[in-house]
Amino acid sequence: MAYLINKSDGTVLTTVSDGQIDNLSTDLVLIGKNYSGFGEALNENFVKLLENFAGVSRPTRPIRGQLWFDTAELKIKVYNGTAFQPVSSATISKIQPTTLTPGDLWFNETDNQLYFFDGENAILLAPIYSESQGISGLQVRTILDTQNQSRVVTLMYNNGSLLGIFSKDAFTPKVTIEGFSGSIVPGFNQGTLPGFKIVATATNSESLGGAVADLYVRTNRNSVMDGRLGAREGFEFGDTLQHSLLYASGNMFITNTVANRFVTVSVNRGGSSQETALQIEPASRTIKFYEGKIDSTVDMGGNLMVNGNLTVNGDVVTVNTSTVSVEDKNIELARNAASNGDADGGGITLKGGSGGDKSLSWVSATGSWTSDQNFNVVGTEIDPKVYKLNGTTIIEPIAGTSPPEFRLTSAITEASGIVIYGTQDQFTINNLFIDNNKITAVDDTLGGITGANIDIELEPKGAGNIVLAGSPRITGMADPTSAQDAATKYYVDTQLQAKSLAFTMDISDGISNSGIAAFLEQIAPVAEYNVGTVARILCTALVNTTGVIDMNTYKNLSTDTFNTPTGTASAVTDVTFSSVTVPSPSITVVRIVKTFQILGTAPGAWTFVS
């Protein structure tokens with residue numbers, strides 16, 4: 001049967017008949033079934049495939065995809081269906097290989113650069129910078145602006161740093177470019193590399209430092225500046241520079257070197273006239289402020305020292321200061337007063353604005369100094385202050401209290417007319433000392449009561465009782481020692497729990513001591529008694545005795561006689577019993593007292609003792 005030879009794409013290449021070969025369809029010999037001597041052709045096919053049909057001439061019957069090694073050019077080529085095309089090879093090495101042939105590529109793995117060999121030289125393809133040089137040169141990119149429009153820009157790099165961006169459009173990048181910030185304008189846009197400068201000579205500039213050239217001051221014409229003009233040492237001006245504003249050692253000097261010429265500060269008031277606000281006259285050593293302007297005000301922001309006399313010509317003297325210091329130790333008010341009536345209402349008034357005035361004044365009608373405000377005597381723990389009348393201390397601070405607390409001194413002997421007496425922390429009446437909610441009996445030498453043991457007595461009037469309102473409890477009581485002493489609940493409970501318990505129990509069923517203890521726990525739980533409590537139980541057992549009855553004495557036998565081959569024999573024919581009267585059993589009562597006690601760690605357990 002003939003062989004049907006198919007190509008890789010499924011199309012039929014040729015048909016090889018049995019016993020035949022095909023050396024016309026391809027450059028290989030195709031062998032049919034049962035072909036004699038097929039081994040030579042087969043082995044030659046293998047050799048041709050191994051050497052890729054090596055030769056100076058191309059294969060004569062190629063098919064698409066077939067390889068051919070051109071020995072003239074020493075290059076592998078592939079058939080594309082119409083012609084053989086060289087298959088370029090790429091070599092990766094640190095130095096240029098010596099085996100490069102025309103069209104080969106070489107990748108320098110040290111510098112990460114690709115070269116093309118033209119037969120004589122290795123020509124650099126890309127990138128134009130080596131790995132050690134970093135990104136350098138121009139890069140053309142298409143980026144998006146904030147309006148999502150594509151913009152073509154050229155980025156200039158050197159050694160990995162962005163120097164700037166060339167653009168023909170003005171826009172703001174949508175995504176921040178590393179090494180650049182802000183918007184882009186037509187031309188070259190400098191990056192953010194610190195210290196970057198273009199070192200070259202320019203014949204002109206439309207602006208400097210972002211300001212147009214016309215904004216700079218020129219020396220050959222009058223100029224107006226909107227900003228400040230600074231000079232480290234000062235300024236000199238005038239025909240012969242006789243006027244100056246100078247700086248030296250942190251001090252500023254305004255100087256006029258022309259003899260007896262004024263220094264004047266003039267201002268415009270209301271836009272209609274020019275007024276002299278300050279004038280210094282060197283000949284008379286006089287300084288004038290708004291001379292002749294009686295409605296003017298000189299506001300001194302700090303101290304004013306007058307070494308000579310001070311004369312104020314006016315009706316009111318207003319001193320707007322926080323403190324007035326007067327060297328004299330006496331201030332006279334109403335100097336021209338002739339009587340108390342002239343002094344009436346005189347004093348000191350402290351203005352309080354919206355809070356109202358505060359005054360201390362003399363009132364003739366009462367003959368007293370009168371204040372419409374409170375008085376607060378301020379002292380410290382080191383220097384306490386007191387309140388005195390006629391030289392006697394009436395109110396004094398309590399030592400060691402912080403904040404300070406105060407008390408009336410012993411100079412106060414009567415306080416008549418008091419209707420309400422405020423809450424007191426401590427209070428003593430005769431031999432009773434009251435401190436907060438505690439009443440204590442103390443020695444009262446004035447009342448003649450002395451000694452370590454002093455009673456506190458509560459005595460209702462007549463048949464009245466001592467009544468506790470609100471159902472409170474009385475706590476802290478000692479245990480009673482006499483029949484009339486009150487006892488606490490704890491004392492009563494302790495006494496009751498300390499008493500021995502007495503019970504009776506029938507133990508006729510032979511219950512054990514542990515069983516008795518279990519019943520005892522039910523009727524007298526240990527949680528309700530103290531450890532050591534004793535329980536005595538009268539145990540009763542009923543014991544009865546029985547006698548033995550001999551039934552033989554009560555039986556009756558009936559017999560009959562029978563004839564047997566050997567004679568006669570008798571046999572029982574009936575058995576009866578007479579009536580028996582059984583006497584009542586004898587019952588004995590046994591009584592015994594068993595003692596149990598709560599032992600162990602509280603709450604303990606009932607334990608048989610004896």
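The values are calculated or read from the model by the stated rules, or taken from the named source; none is laboratory data. Here the structure is a predicted model, which means the values were calculated and not measured. Positions of Cβ are backbone-derived with ideal geometry, glycine not excepted, and every protein chain shown enters the neighbour counts.
Points worth noting:
- Where a residue in the range 371-385 is without any contact (Cβ under 8 Å) to a residue 12 or more places away in the chain and its partner, wherever it lies, is of a type in the set (Phe, Trp, Tyr) and surrounded by 11 or more Cβ atoms within 10 Å (Cβ to Cβ), with Cβ under 8 Å and at least six apart: Val377/Tyr387
- Qualifying residue in the range 228-240 (condition: on the phi > 0 side of the Ramachandran plot, surrounded by 10 or more Cβ atoms within 10 Å (Cβ to Cβ) and at pLDDT 80 or above): yes
- Remark: Thr82 matches the filter, which requires a residue to be part of a loop (DSSP other than H, G, I, E, B) and modelled with pLDDT of 85 or more.
- Check on Val258, free of Cβ contacts under 8 Å to residues at least 24 places away in the same chain, closer than 30 Å to Ile348 by Cβ and part of a loop (DSSP other than H, G, I, E, B): no
- The range 125-142 - residue that is aliphatic (A, V, I, L, M) and either assigned to a loop (DSSP other than H, G, I, E, B) or at pLDDT 85 or above (or both) and, of those, farthest from Thr98 (Cα to Cα): Val140
- Among the residues making up the range 148-174, those that are in a loop (DSSP other than H, G, I, E, B) and either free of Cβ contacts under 8 Å to residues at least 12 places away in the same chain or at positive phi (or both) are Asn148, Asn159, Gly160.
- Assessment of the range 537-557 against the conditions (in a helix (DSSP H, G or I), without any contact (Cβ under 8 Å) to a residue 40 or more places away in the chain and under 60 Å from the mean Cα position of the chain (by Cα)) yields no matching residue.
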